[in-house]
1. Out of LEU348, GLN158, ILE391, whose Cα points farthest toward the positive end of the dipole of the chain (charges: +1 Lys, Arg; -1 Asp, Glu; placed on Cβ)?
2. Given charges of +1 on the Cβ of Lys and Arg and -1 on the Cβ of Asp and Glu, with all other atoms neutral, how large is the dipole of the chain about its Cα centre, in debye to the nearest 20?
3. I need the Kirkwood Rh of segment 297-405: take the reciprocal of the average 1/r across all distinct C-alpha pairs and report it in angstrom.
4. So which lysines pass the test for LYS316, namely a Cα distance under 17 Å, with those fewer than 8 places away in the same chain ruled out?
5. Just to confirm, what accessible area per residue do you get for segment 404-454 at 1.4 Å probe, in whole Å²?
6. Under a 1.4 Å probe, what is the accessible area of segment 1-131 per residue, stated in Å²?
7. For segment 320-364, go through all pairs of different Cα atoms, get the mean of 1/r, take its inverse, and jot down that Kirkwood value in Å.
8. Using the per-residue mean of other Cβ atoms lying within 10 Å as a proxy for protection, in what order, highest first, do the peptides 398-408, 31-41 fall?
Amino acid sequence: MEFIHPPYQPGETIAAIATPPGEGGVAIVRISGKEALNVAAKVFSGPVFTYKSHTAHYGQVLDSAGQRVDDVLLLVMLGKRSYTGEDTVEIHCHGGGLITRKVLETVLQAGARAARAGEFTFKAFINGKIDLAQAEAVQELICAKNERVLDAAESQLQGALSQKIDSFQDRLTLIAAILEAWVDFPEEGLEFASLEDICTDLSTVCQEMQKLEDTFHNGKILHEGISLCLIGCPNVGKSSLMNALLDKDRAIVSHIPGTTRDVLEDHLRLNGLNFKLMDTAGIRQADDSIEIEGIRRSQSAMSKADLILLVLDAHKGLDVEDRWLIEQIPTHKTIAIWNKTDLPHENLPQLPFPHVVQLSAKQKMGLELLHDKIDQVIWENGPPSKEEVLITNIRHKEALSQAIGACRQVIEGLRGGMSPEFLSMDMRQALNSLGLIIGTNITEDILSAIFSKFCIGK
């Protein structure tokens with residue numbers, strides 16, 4: 001891990017530009033560590049050591065020769081009252097790329113080290129300002145692409161997930177202590193709780209952890225978005241539907257079969273969520289080598305998609321190729337779409353899909369029905385509320401799954417008469433797995449993987 005190899009030095013003073021690259025009105029150079037005030041005093045024109053915490057002061061940044069670099073505001077945040085839990089100074093300078101770099105270079109020459117990606121948040125974690133789940137929420141907050149993701153990240157940053165994990169740990173620790181007592185004092189006849197009471201308490205905790213783990217489906221949708229794949233035979237109107245959904249001419253529309261030869265991708269915002277929309281080559285029996293490759297790519301995109309939009313031609317009805325294609329498509333993640341309903345058509349046959357929509361992509365009729373149907377399908381039990389705690393991170397889901405598995409082994413062992421010594425090991429495994437989420441027993445490799453995703457300056 002970059003923070004640990006070379007070994008991490010507690011209190012080491014680091015500095016970085018904390019604002020995005022590019023031109024702007026203001027940029028921030030952040031300094032944090034036990035020598036932050038000394039570094040700031042070397043470069044700032046005012047009496048830095050006299051400033052109270054959380055105050056702002058106007059002055060100039062001066063280089064080692066005493067030449068003015070820029071007019072700035074300097075903010076001082078001392079000790080535990082700062083983001084990192086260490087003395088922190090922020091220099092608010094003009095936002096041009098060149099002037100910002102010159103201010104940072106002046107700070108580095110005064111004794112600070114250039115910060116690595118995520119190192120300020122790493123300091124906050126190491127110094128106990130936030131736990132690991134909250135540290136990860138910082139990055140999710142920065143990268144949030146819609147309001148729902150923002151709400152989930154803010155909830156996690158405020159400690160909603162951590163509080164749930166703490167509650168699980170407290171209750172499991174009590175049960176683990178009883179099991180350990182049975183191991184250490186087998187002859188004493190200790191009876192803190194009956195076997196059935198312990199099994200009941202463990203089952204309750206397991207159910208609550210399982211309920212939290214099950215939120216990953218919704219959390220993943222919020223965090224990563226949904227991939228929608230348009231599938232159908234040639235000339236059913238897939239490209240027209242893509243253009244209608246995007247409200248722009250993204251795909252070429254033609255009456256000539258096989259116009260689309262490759263998978264076209266674009267991004268769509270719908271009902272507050274992000275979607276990756278893919279238009280694919282029409283699937284049919286083909287002899288042209290290029291079209292065959294396009295069909296292969298269509299089938300690959302279909303297999304990886306979160307949701308399939310199967311487009312059928314209502315004017316033409318079902319033919320042999322349509323029926324063959326229908327047999328290849330999984331029904332559980334498919335919305336069947338009868339397109340071209342603005343043209344004359346007979347009674348439409350029954351389809352083996354639970355979700356069917358009729359529309360006209362060309363006339364943009366029925367698109368709202370499709371929007372509602374997509375929303376209905378992706379949320380299995382309705383969209384999450386703002387108050388619901390969601391798992392959005394696969395690492396958290398896997399740790400919860402391990403904890404649940406270990407607890408269930410304890411329940412089975414207790415009811416099967418297994419020795420408490422072995423069950424105590426399972427209880428420790430459950431507690432260790434929960435600890436991975438909030439960072440109480442985290443490894444260097446995991447820390448490295450998490451903080452390497454952060455931007456420099458955060």
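1. GLN158
2. 1640 debye
3. Working: mean 1/r = 0.0607 Å⁻¹.
Computed over segment 297-405, the radius equals 16.5 Å.
4. Filter leaves LYS238, LYS340, LYS362.
5. Result: 49 Å² of accessible area for each residue.
6. Numbers: 6160 Å² over 131 residues.
Heavy-atom SASA per residue in segment 1-131 reads 47 Å².
7. That comes to 11.7 Å for segment 320-364.
8. 31-41, 398-408
The values are calculated or read from the model by the stated rules, or taken from the named source; none is laboratory data. Bear in mind that the values here come from a model prediction, so they are computed numbers and not experimental data. Using ideal geometry, Cβ is built from the backbone for each residue, glycine included, and neighbour counts are taken over all protein chains shown. Protein only, heavy atoms only, side chains kept; ligands, DNA and RNA dropped before computing areas. Shrake-Rupley method; radii C 1.70, N 1.55, O 1.52, S 1.80 Å.
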